[in-house]
Amino acid sequence: MKNIFLTAAIASAALVSCGTVQSLVQNTFPYTANVLISTGVPADKEVSSTATASNVQTWFGGNNNAQIKDVRISDAKVSVVSPSGGNLSALKSIKVYISSNGTGEKLVASRTNISSSSSSLNLDLNDTGFLDEVVKSSGLTVRTVYELKNQTTSDMNLKIAMNFSSVPAK
């Protein structure tokens, strides 16, 4: 009797934990995009860079975005990923827009008056409402608008990492 009860308890715990993990995986998902800041970019002038964002679902050949709704931005971060290292002290401001194949653009995150000398920085989120149409599209485009304080002395690679949250569409 003890073995049956113990087996049932373990099976129940496993099912609950699998459900929790599945819920977390399905309801929070990341997108990333890379931005190259070349040495010739002038200071005190807004510059725009556009890239196609990738997410973990596309890496494995799947797209379960039809299974979600009420998509919102939950986190956005910019990091320096240059091989030589570096920090964000050259940046004056940054804005991140997303769109579906370049149409329906929405501002999702930004930061002005950047004074950080670290290699990564959390961006301020812009509550643009639900982003279902954009995130469910086959091509999520990220446009980054940045302004430098000073012209850089070497190329700088930035990674824009965004997390979106949703609820299951039932």
Next on the checklist: Looking at S93, S17, S49, S23, can you tell me which residue is under 19 Å from N157 (Cα atoms) and either at pLDDT below 70 or surrounded by fewer than 16 Cβ atoms within 10 Å (Cβ to Cβ) (or both)?
Outcome noted: S93
Next on the checklist: I want to confirm something. Restricting to region 71-115 and keeping residues that are under 19 Å from K149 (Cα atoms) and basic (K, R), which single residue is nearest to the chain's Cα centre (by Cα)?
Outcome noted: K95
Checklist entry - Since S117 meets every condition but one in (1) in a helix (DSSP H, G or I); (2) out of contact with any Lys or Arg (no Cβ under 9 Å at 6 or more places or on another chain), which condition does it not meet? => result (1)
Item to check | Among the residues listed as S99, S166, S110, S137, the single one being modelled with pLDDT under 90, surrounded by 15 or more Cβ atoms within 10 Å (Cβ to Cβ) and part of a strand (DSSP E or B) | outcome: S166
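Conditions (1) acidic (D, E); (2) touching a helix residue (DSSP H, G or I) at 6+ places or on another chain (Cβ under 6 Å); (3) in contact (Cβ under 8 Å) with a residue 24 or more places away in the chain, marked per residue:
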site	(1), (2), (3)
L107	no, no, no
D127	yes, no, yes
S137	no, no, yes
D155	yes, no, yes
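The values are calculated or read from the model by the stated rules, or taken from the named source; none is laboratory data. Everything quoted here is computed from the prediction, not taken from an experiment. Cβ coordinates were reconstructed from backbone atoms using ideal geometry, including for glycine residues, and neighbour counts include every protein chain displayed.
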